[in-house]
1. Could you give the length gained by full extension between residue 65 and residue 269, i.e. 0.36 nm per residue of separation minus their alpha carbon distance, to one decimal place?
2. Taking the simple approach of a point 7 Å from Cα along Cα-to-Cβ for both residue 82 and residue 148, what is their distance in nm?
3. For the range 1-116, what class follows from the C-alpha gyration tensor (a ≥ b ≥ c being the square roots of its eigenvalues): rounded when a/c is under 1.5, otherwise prolate if a/b is larger than b/c, else oblate?
4. Roughly to the nearest percent, how much of the accessible area of the range 110-168 is carbon and sulfur, given a 1.4 Å probe?
5. Kindly express, to the nearest 10 degrees and within the range 0 to 90, the angle between helix 151-162's C-alpha long axis and the longest C-alpha principal axis of the chain.
6. Spelling out what I want: for every residue of the range 76-86, take phi, set θ = phi - 60°, compute 6.51 cos²θ - 1.76 cosθ + 1.60 (Karplus), and round to whole Hz; glycine and proline get x.
7. Starting with the highest mean, order 245-258, 201-214 by the number of other Cβ atoms within 10 Å, averaged over the residues of each peptide.
8. Could you list the square roots of 5 times each eigenvalue of the Cα gyration tensor of the chain, that is, the equivalent ellipsoid semi-axes, sorted largest first and rounded to whole Å?
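The values are calculated or read from the model by the stated rules, or taken from the named source; none is laboratory data. In this text the structure is predicted, and so the values were computed from the model without any measurement. When we count neighbours, we look across all protein chains shown, and the Cβ atoms used for this are built from the backbone with ideal geometry, even at glycine. For accessibility, only protein heavy atoms count, side chains too; no ligands or nucleic acids. Shrake-Rupley method; radii C 1.70, N 1.55, O 1.52, S 1.80 Å.
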Amino acid sequence: MENTLGLEIIEVVEQAAIASARYMGKGDKDGADQAAVEAMRQRMNKIYMRGRIVIGEGERDEAPMLYIGEEVGICTQPNAAEICSLEELVEIDIAVDPCEGTNLVAKGQNGSMAVLAISEKGGLFAAPDFYMNKLAAPPAAAGHVDIRKSATENIKILSECLDRAPEELVVVVMDRPRHKELIQEIRTTGARVRLISDGDVSAAISCAFSGTNIHALMGIGAAPEGVISAAAMRALGGHFQGQLVYDPAVVKTPESEKWTREGNIERLKSMGITDPDRVYNANELASGNTVLFAACGITPGTLMEGVRFFDGGCRTQSLVISSVNRTARFVDTIHISSERPKMLTLH
Ligand code: VTB
């Protein structure tokens with residue numbers, strides 16, 4: 001599964017990123033998202049596989065493409081039996097976020113990417129559309145920091161594990177009113193805070209790499225993005241924990257106001273989640289034997305370059321991570337779209 005798919009999924013995220021990058025800076029976040037979704041779906045449906053979307057653009061009735069439960073890949077098409085030896089094929093679960101950071105693309109800001117994670121059936125936690133409290137940290141701190149501890153305690157542990165003073169640590173937090181106290185607490189320890197408007201997948205994964213100047217991600221983002229981050233962090237050996245947020249008082253949005261705390265606990269129960277307070281780690285969120293992760297920068301980020309167009313083509317940078325091979329592969333690609341481009345860009 002990993003070798004062939006590993007190559008194909010690079011193209012899936014590349015195509016989504018290129019399509020979305022056309023919308024960069026246009027102030028049209030829905031356009032940026034839709035372009036990524038269409039391109040991702042089109043390329044995915046050319047792969048020789050039997051895939052099913054477990055994290056996608058929403059429920060079937062609210063998303064025309066890449067909805068949860070949608071079957072993707074050549075071997076799910078009506079004439080599949082003629083092309084594919086179905087009984088030999090491993091069924092695959094796929095989590096997608098074709099345009100992670102639609103606002104970033106719309107505003108031409110850094111940090112957006114096309115991203116997906118793949119595993120065998122049942123290998124990815126089918127996260128409900130809830131918020132999730134997250135903690136990501138470098139491999140050296142994995143298993144030492146703990147989301148149940150305070151930010152102050154975790155920064156002390158991080159400082160010991162990385163052998164750095166708190167002043168030399170940078171914690172990424174989403175710039176939201178819900179994080180006012182968290183931000184204050186982190187600053188009090190001496191650590192520095194990098195506030196982001198969107199895109200916590202990139203921030204979480206950046207914790208695993210030195211040179212990004214990101215040492216932790218703390219705070220609340222969306223649960224589906226948490227699963228995708230966990231898929232990468234599991235293979236990288238980084239720390240990732242997530243805890244679902246079911247109390248509407250914690251994150252106030254027009255949607256969350258429709259629900260009560262008890263109502264949310266019931267909703268989770270109906271999805272098979274009986275302990276709403278459970279803390280999930282990376283291995284539980286991405287538990288499959290084989291977990292693959294692929295991302296391609298739309299706008300530039302801490303991990304990857306964005307899409308760079310030139311006359312006759314473009315250049316992309318992607319990251320493919322495999323839990324089996326334990327590889328994090330940065331892939332640089334030139335896409336040639338004209339018969340005779342003026343020149344190919346080297347960087
Ligand atoms: C979160 C975060 C994502 O959107 O989902 C955020 O996980 C939305 O948060 O990375 P709010 O509802 O608080 O605005 C992203 O930033 C981009 O999809």
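1. That pair, residue 65 and residue 269, stretches by 70.7 nm at full extension.
2. 5.7
3. Prolate is the answer for the range 1-116, as a/c is 1.5 or above and a/b outweighs b/c.
4. Its accessible area is 47 percent carbon and sulfur atoms.
5. Helix 151-162 sits at roughly 70 degrees to that axis.
6. These are the phi-based 3J(HN,Hα) values: 10, 7, x, 8, 3, 4, 6, 9, 10, 8, 4 Hz.
7. Packing order, densest peptide first, comes out as 201-214, 245-258.
8. 31, 25, 20
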